[in-house]
Amino acid sequence: MDSLKGLRIVYMGTPEFAVEPLRALMVNSANLVGVVTAPDKPAGRGQRIVQSPVKQFAQLHNISILQPFNLKDQGFIDSLKALNADLFIVVAFRMLPKIVWSIPKLGTFNLHASLLPQYRGAAPINWAIMNGELRTGVTTFLIDEKIDTGNVLLQQEEEIYPDDTAGDLHDRLMGVGAELVVKTALKLYGKSIEAIEQHKLIEFGELKPAPKLFKENTRIQWAESASVLHNFIRGLSPYPAAWTEMVSDDGKTTTAKILRAKVSDISIEMPVGIIKTDGKTCLSVSCGKGSIDILQIQLSGKKALPIDDFLKGFRAVESYRFI
């Protein structure tokens, strides 16, 4: 099967990551009979009502849109069934109840941004970088009752480069994932694919999870080594961003997000969190082992700045330390 013509697809997704696979399906002549996405919601300081990126794309291309609050609502279920889809495709959406994913005759598959069974969970891109992985990828799998545990259809590896941020990797995986979604749909349509149970793909060692990111697990622990902190910072950049507190000699405290950093060429043999700077282009912080150079920082309530601009406006920075 080399064309998606005739295959009736309902696509489910919400954020920007889910737009590229939807676009790729359209380019490959898929019959997109409906899109399911999150309800519109207020956002920002002005609480302006915002539509999801997937909804915006669907509107531009005149695709029917469903925005259920409750995925088990009978009205929503009836509307889904009325679309008479052969296949549901899910990219960055909510967990589906069985009453939904069991509807189409070819099943429902999901795109996940890791090489399953590694990094099941809400933040696989972030955790792969935070853990210092050298490779990751994307996986398509059939949805079942649990989260990210269904039988694997296809996978595609992607290298993680030494200075990749989560944003960099996100953008590359978005394109790789779009291609894999189309390839998976073609093979399912042509009945030329066999799903593999995830336990058969475990190579060695323990499975690493990718839990949701909260304030508690995104705080910088300066007692860690410089290399660990470099991975931690880039794995959380640009969002939600690794954060810390700066405390001055007189006890004044401010919150800061560290968006970019590198392992320093010169180690500072001092207690953790001590700041050293030339006042112009370099700000180094001592860690449990080694030190890091901060390249981009954002103070609470301020915009993100490269370190040279930050140092121009933040005097006496060595009277502070990071905690």
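The values are calculated or read from the model by the stated rules, or taken from the named source; none is laboratory data. Just so it is clear, the model here is predicted, and its values are computed rather than measured. Cβ coordinates were reconstructed from backbone atoms using ideal geometry, including for glycine residues, and neighbour counts include every protein chain displayed.
Residues in the stretch 246-256 that are assigned to a strand (DSSP E or B) and over 25 Å from the mean Cα position of the chain (by Cα) were compared, and the one that is surrounded by the fewest Cβ atoms within 10 Å (Cβ to Cβ) is 253. Residues satisfying the criterion are present in the stretch 81-93 (criterion: on the phi > 0 side of the Ramachandran plot, aliphatic (A, V, I, L, M), surrounded by 12 or more Cβ atoms within 10 Å (Cβ to Cβ) and touching a helix residue (DSSP H, G or I) at 6+ places or on another chain (Cβ under 7 Å)).
Might you check whether a residue that is in contact (Cβ under 8 Å) with a residue 40 or more places away in the chain and charged (D, E, K, R) occurs anywhere in the stretch 82-89? Checked against the condition, which is being in contact (Cβ under 8 Å) with a residue 40 or more places away in the chain and charged (D, E, K, R), the stretch 82-89 yields at least one hit. Might you check whether a residue that is assigned to a loop (DSSP other than H, G, I, E, B), touching a Gly at 6+ places or on another chain (Cβ under 7 Å), at pLDDT below 95 and closer than 30 Å to residue 5 by Cβ occurs anywhere in the stretch 190-212? For the stretch 190-212, residues assigned to a loop (DSSP other than H, G, I, E, B), touching a Gly at 6+ places or on another chain (Cβ under 7 Å), at pLDDT below 95 and closer than 30 Å to residue 5 by Cβ: absent. Which one of these is within 30 Å of residue 6 (Cβ to Cβ) and either touching a helix residue (DSSP H, G or I) at 6+ places or on another chain (Cβ under 6 Å) or surrounded by 18 or more Cβ atoms within 10 Å (Cβ to Cβ) (or both): 169, 186, 229? When all the criteria are applied, what remains is 186. Within the stretch 7-31, residues that are touching a residue at least 24 places away in the same chain (Cβ under 8 Å) and in a strand (DSSP E or B) reach partners that are among the basic types (Lys, Arg) and surrounded by fewer than 21 Cβ atoms within 10 Å (Cβ to Cβ) with beta carbons closer than 8 Å, at six or more positions or on different chains, in the pairs 31/5; 31/8.
In the set (1) assigned by TED's automatic domain parsing to the domain that holds residue 191; (2) closer than 19 Å to residue 183 by Cβ, residue 44 fails one condition alone, (2).
May I ask you to list the residues in the stretch 213-230 that are outside any loop (DSSP other than H, G, I, E, B), in contact (Cβ under 8 Å) with a residue 60 or more places away in the chain and not hydroxyl-bearing (Ser, Thr, Tyr)?
Once the filter is applied, which keeps residues that are outside any loop (DSSP other than H, G, I, E, B), in contact (Cβ under 8 Å) with a residue 60 or more places away in the chain and not hydroxyl-bearing (Ser, Thr, Tyr), the stretch 213-230 yields 226, 228, 229, 230.
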